[in-house]
Amino acid sequence: MEDLLNYYSTLSFLEIIAVISSLLYVILAAKTNVWCWPAAFISTAIYTFLFYRFYLWMDSFLQVYYMGMALYGWYCWNKHTEEFDAKKVQLKVYQLKTHIIIIISLSVISIIVGALMDAYTPTDFPYLDSTTTVFAVFATYLVAQKVVENWLYWIVIDAVSIHLYVEKDLMPTAFLFTVFIGLAAYGYYKWRKEYKTYDGLTVNLAS
């Protein structure tokens, strides 16, 4: 019993550290601050362990991907910082038709992955877990590429994730994702405003 209590005490402490570093990541990302990526690396390393222990295996796999993307994002953002003034971040916007194709494609992939997870693993909520994972994989790439609409993807992903974490009694994380929704809305507002500010001087329009 003592070992069990020690385990959950340690687990709670780790979750709190992950929550704090995750908040730093989103806040710094919204401010287009390159130091968001080290914070992301710390939080994802912890969540890789936590989600695996709570049988959210797709989320655990996602955290491993996030760690790699934290390194990729650090490289991309530092590269752009060297090429442009720090205040002139090279932001991008995708056209609506591009997002429609992306959403349909990711939805199909989510169903396939969910079916495989349901059939071959003991993971809980295989379809929801797979959907948030697949969409988050792409949304993280959008962050690294500085695509403005990444924040809209995160608002939906975070909303669905809250349900998963409440069901698994990961309440600090569920609260964190509630805060993330507000921060994502702020991030979208700030990036969109900044995108319009430079009037095409440092902005790329992607299709």
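The values are calculated or read from the model by the stated rules, or taken from the named source; none is laboratory data. Computed from a predicted model, the values in this text were never measured in an experiment. All Cβ positions, glycine included, derive from the backbone under ideal geometry; neighbour counts span all protein chains shown. Side chains included, ligands, DNA and RNA excluded: accessible areas come from the protein's heavy atoms. Shrake-Rupley method; radii C 1.70, N 1.55, O 1.52, S 1.80 Å.
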- Could you check, for the stretch 109-125, whether at least one of its residues is closer than 27 Å to Thr32 by Cβ and part of a helix (DSSP H, G or I)? no
- What pairs can you find where one residue is in the stretch 104-129 and free of Cβ contacts under 8 Å to residues at least 24 places away in the same chain, the other is open to solvent by less than 40 Å² (accessible area, probe 1.4 Å), and their Cβ atoms are less than 6 Å apart, with a gap of 6+ or different chains? Gly114/Pro126; Gly114/Ser130; Asp118/Pro126; Tyr127/Gly114
- Those residues of the stretch 100-116 which are under 17 Å from Val137 (Cα atoms) and open to solvent by less than 50 Å² (accessible area, probe 1.4 Å), in sequence order: Ile102, Leu106, Ser107, Ser110, Val113, Gly114
- Tell me which residues, restricted to the stretch 62-80, are buried (at least 18 other Cβ atoms within 10 Å of the Cβ) and of a type in the set (Phe, Trp, Tyr). Tyr66, Trp74, Trp77
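Of these, Asp158, Asp129, Asp118, Asp124, which one is in contact with a Pro (Cβ under 8 Å, 6 or more places away or on another chain) and of a type in the set (Asp, Glu)?
Numbers: Asp158 fails: in contact with a Pro (Cβ under 8 Å, 6 or more places away or on another chain); Asp129 fails: in contact with a Pro (Cβ under 8 Å, 6 or more places away or on another chain); Asp124 fails: in contact with a Pro (Cβ under 8 Å, 6 or more places away or on another chain).
Only one candidate passes the filter, namely Asp118.
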- Note on the structure: Selection from the stretch 39-55 of residues in a helix (DSSP H, G or I) and either without any contact (Cβ under 8 Å) to a residue 24 or more places away in the chain or surrounded by fewer than 17 Cβ atoms within 10 Å (Cβ to Cβ) (or both) yields Ala39, Ala45, Thr48, Phe49, Phe51, Tyr52, Arg53
- Residues being among the charged types (D, E, K, R) and more than 18 Å from Gly73 (Cα to Cα) - total across the stretch 146-170: 4
- Looking at Val137, Val93, Val108, Val113, which one is modelled with pLDDT of 90 or more and in contact with a Leu (Cβ under 8 Å, 6 or more places away or on another chain)? Val93
